[in-house]
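Structure, as structure tokens:
The values are calculated or read from the model by the stated rules, or taken from the named source; none is laboratory data. The structure presented is a predicted model; accordingly, all values stated were derived computationally and were not measured. Glycine gets a Cβ as well: all are built from the backbone with ideal geometry, and neighbour counts include every protein chain shown. Heads up: the accessible areas ignore ligands, DNA and RNA and are worked out on the full protein's heavy atoms, side chains in. Shrake-Rupley method; radii C 1.70, N 1.55, O 1.52, S 1.80 Å.
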Amino acid sequence: MVSLSTSPMPIAPPRRILYETLGVIALMALVALTPFKGIAVLLPVIYFFGEARLRQRTWAELGFKPREFIANVRRNWAWILLVGVVIQCAVIVGAQFWAPAFLEHVRARLSTLDNLQLFSVIGILFISTLAEEITFRAFFQERLAWFVGTPIAILIAAFLFGVMHLSDGALWIAMLDIALVIFDGVLYGIIFARGKNVLTAWLAHFLADVTGILFLLYWIP
């Protein structure tokens, strides 16, 4: 049985926080429709830390708990390996045999990494996955959980996470891609909820992206 931590209500008026959160989600979505889609996920991060400074939130309240990291990893090691390695390998190997067009679609989405050295790819993933976990788990999921409960918040944050990965291609392939990203997002959300430590969710996300990209760029012909 999955044990999810409850989210304490903030001191600030709940409605105000809800409106602010929905406003940031709307702004991110609008920017994602422009040629500046690449920076859309950074806007919530800027707000997240700016609001934290303004309202004097602690690092622990933001989901940064380095002292609990090892304990959280031990508690969630099965979930981390599932989404970080097992699912990524299964999807890629399975698609190689039954849906090669899907692999080409994902490769096209990652085309900006093709000409980079492995060290640079790892560095980009290190930063990008952390930014995404701050946005979708520590910010959207945690704030929405105050109003709709943790399970629904996990689903909403995962859906937003998937939609932000939408890219051009055949409709069924694009929908399959988004569905798999949403599924991963649900698992990242569960990991975050089981301890409220964004660093643990980031580890799972970083491991998943590294596993997937190593397979796609350096192993699958």
Exercise for the section: Looking only at region 39-57, decide whether some residue is farther than 22 Å from Ile154 by Cα and in contact (Cβ under 8 Å) with a residue 40 or more places away in the chain. Expected result: yes
Handout entry: Subset of region 164-177 (residues that are closer than 20 Å to Ile39 by Cα and either at pLDDT 95 or above or among the acidic types (Asp, Glu) (or both))
Key = Asp168
Practice task
Check every one of the helices (runs of 4 or more DSSP H) wholly within region 36-88 and list those with 1 or more residues that are open to solvent by 80 Å² or more (accessible area, probe 1.4 Å) and β-branched (Val, Ile, Thr).
Solution key: 42-54, 69-81
Handout entry: Pairs with Cβ under 8 Å, 6+ apart, first in region 196-221 and on the phi > 0 side of the Ramachandran plot, second open to solvent by less than 10 Å² (accessible area, probe 1.4 Å) and modelled with pLDDT of 95 or more
Key = Lys196/Gly63
Handout entry: Options Arg15, Arg55, Arg75: the member that is of a type in the set (D, E, K, R), modelled with pLDDT of 95 or more and over 26 Å from His165 (Cα atoms)
Key = Arg75
Problem - Hits in region 165-187 - residues which are among the acidic types (Asp, Glu) and open to solvent by 10 Å² or more (accessible area, probe 1.4 Å) - result: Asp168, Asp184
Problem - Filter pass, Ala157 being more than 25 Å from Thr34 (Cα to Cα) and buried (at least 18 other Cβ atoms within 10 Å of the Cβ) - result: no
Fill in the blank from the handout: Going through region 188-211 in order, the residues found to be open to solvent by 10 Å² or more (accessible area, probe 1.4 Å) and part of a helix (DSSP H, G or I) are Ile190, Leu199, Trp202, Leu203, Phe206, Leu207, Asp209, Val210, Thr211
Problem - Entirely in region 103-184, the helices (runs of 4 or more DSSP H) that have 1 or more residues that are of a type in the set (Ser, Thr, Tyr) and within 21 Å of Met28 (Cα to Cα) - result: 118-133
